[in-house]
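Student: Here's a structure for you.
The values are calculated or read from the model by the stated rules, or taken from the named source; none is laboratory data. Not measured: the values here are computed from a predicted model. Neighbour counts are summed over all protein chains in view; Cβ atoms, including those assigned to glycine, are modelled from backbone coordinates with ideal geometry. The protein model used for the area step is the full one, side chains on, heavy atoms only, and it has no ligands, DNA or RNA in it. Shrake-Rupley method; radii C 1.70, N 1.55, O 1.52, S 1.80 Å.
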Amino acid sequence: MKHTVNYGGNEITFELERKNVKNINLNIRPDMSIAVSANHNVPLDFIKDFVKDKGSWILKNIVYFKESQREIKREREYINGESFKYLGRQYRLKVEKSEIEEVKYFRGFIYIYVRDTDDFKKKERLFNNWTHEKAYINFNESLNKMYAIVEKYGIPEPKIHIREMKARWGSCHRESGIILLNLELIKAPKYCIDYVVLHELIHFKYKNHDEKFYTFLTSLMPDWEKRKKILDEEVIRYL
């Protein structure tokens, strides 16, 4: 059900879902709609006040998301000076001529070494392959670290699959023993990747986002809300 609050002369419309959760959760979707979930016992007026308190953050991030969408729609050129985010840091691109074609990063720059610096398709392929390789390495490092925390609770060790997703950081496929992670997560700091991986690991024990799920998550990662907030503010996706 949709509801509206007024903040600073701006109308903020949100979609409310009642479910068995401990906290009020607010997320901005990729289409810039606002989703709120809350327990059935939480009064509507309290939820509206919560959304209004978040008004400044919501409006700021909707503007940021619109700008990000415009940036995404512009086709990458893979030329000197373009900006790319990797593991929470912003890097400038440098394209250099080389017989050995590869991608490296150091001292605030990502370097694409390529024989023909004007070959867009080759630069794009080199960069995409590098991104997938780094995602595979970092996501599996995170899985090894987070699984060591939950192994004693009888959670089976899953495998990680990676793909581009529009609306989620990750998902848990309990039956097949797979955690699916969004390639875009490679832009986030490592401690945020750890949060997403742990979040999905816990779904092997608790299927739904209920009180037991969040109590368990908090016991293992007390600052998970801080990590989630960084994800929401930096890349504007939702779990």
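Student: Taking every DSSP beta bridge that has both residues in the chain, what percent is antiparallel when rounded to the nearest 5? Numbers along the way, then the final one.
Tutor: On the way: 23 of 39 bridges.
The antiparallel fraction comes to roughly 60 percent.
Student: How would LYS152, LYS52, LYS190 rank on accessible area, largest to smallest, probe 1.4 Å?
Tutor: Working: LYS152 165, LYS52 85, LYS190 105 Å².
Result of the area sort, largest leading: LYS152, LYS190, LYS52.
Student: Here is a further query. Which of the following values of mean projected area of the Cα convex hull in nm² was calculated from the structure shown: [x] 11.8; [y] 15.9; [z] 14.8?
Tutor: For mean projected area of the Cα convex hull in nm², the calculated option is [z].
Student: Mind checking the per residue accessible area of the chain for me, 1.4 Å probe, whole number of Å²?
Tutor: Per residue, the chain has an accessible area of 57 Å².
Student: Whenever you get a sec, compute what percent of the accessible area on the chain sits on carbon and sulfur atoms (1.4 Å probe).
Tutor: Summing carbon and sulfur atoms, their accessible area is 47 percent of the total for the chain.
Student: Distance from the Cα centre of region 88-135 to that of region 148-193, in angstrom?
Tutor: Taking the Cα centre of each part, region 88-135 and region 148-193 sit 26 Å apart.
Student: Keeping all protein chains in place and using 1.4 angstrom, which order do PHE46, PHE127 fall into by accessible surface area, from largest down?
Tutor: From most exposed to least exposed: PHE46, PHE127.
Student: Once you charge only the Cβ atoms, +1 for Lys and Arg and -1 for Asp and Glu, what is the size of the charge dipole of region 89-157 about its Cα centre, to the nearest 20 debye?
Tutor: On the way: 14 positive and 12 negative charges, 66 e Å.
The calculated dipole for region 89-157 is roughly 320 debye.
Student: Given charges of +1 on the Cβ of Lys and Arg and -1 on the Cβ of Asp and Glu, with all other atoms neutral, how large is the dipole of region 157-223 about its Cα centre, in debye to the nearest 20?
Tutor: 180
Student: Moving on to the next point. With a ≥ b ≥ c taken as the square roots of the eigenvalues of the C-alpha gyration tensor of region 68-154, please select rounded if a/c is under 1.5 and otherwise prolate if a/b is larger than b/c or oblate if it is not? Walk me through the numbers on the way to the answer.
Tutor: Details: a/c = 2.66, a/b = 1.98, b/c = 1.34.
Since a/c reaches 1.5 and a/b is larger than b/c, the shape of region 68-154 is classed as prolate.
Student: Got a number for the accessible area of MET32? Probe 1.4 Å, square angstrom, nearest 10.
Tutor: Rounded to the nearest 10, the figure is 50 Å².
Student: Please report the accessible area of LYS207 (heavy atoms, 1.4 Å probe, ligands and nucleic acids excluded) in Å², nearest 10.
Tutor: Ignoring ligands and nucleic acids, LYS207 comes out at about 140 Å².
Student: Taking the Cα centre of region 88-238 as origin, work out the dipole magnitude from +1 charges on Lys and Arg Cβ and -1 charges on Asp and Glu Cβ, in debye rounded to 20. All intermediate terms of the calculation are to be shown ahead of the outcome.
Tutor: Numbers: 29 positive and 24 negative charges, 30 e Å.
Using only the charged Cβ atoms, the result is roughly 140 debye.
Student: Taking only DSSP H segments of four or more residues, each worth -39500 (n - 2.57), what value at 222 nm results for the chain once the sum is divided by all its residues, to the nearest 500 deg cm²/dmol?
Tutor: Value at 222 nm, helices only, nearest 500: -13000 deg cm²/dmol.
Student: Here's another thing I want to ask about it. With the alpha-carbon atoms as the only input, what is the per residue convex hull volume for region 123-207 in Å³?
Tutor: Working: hull volume 7.4 nm³, N = 85.
Hull volume normalised by residue count: 87 Å³.
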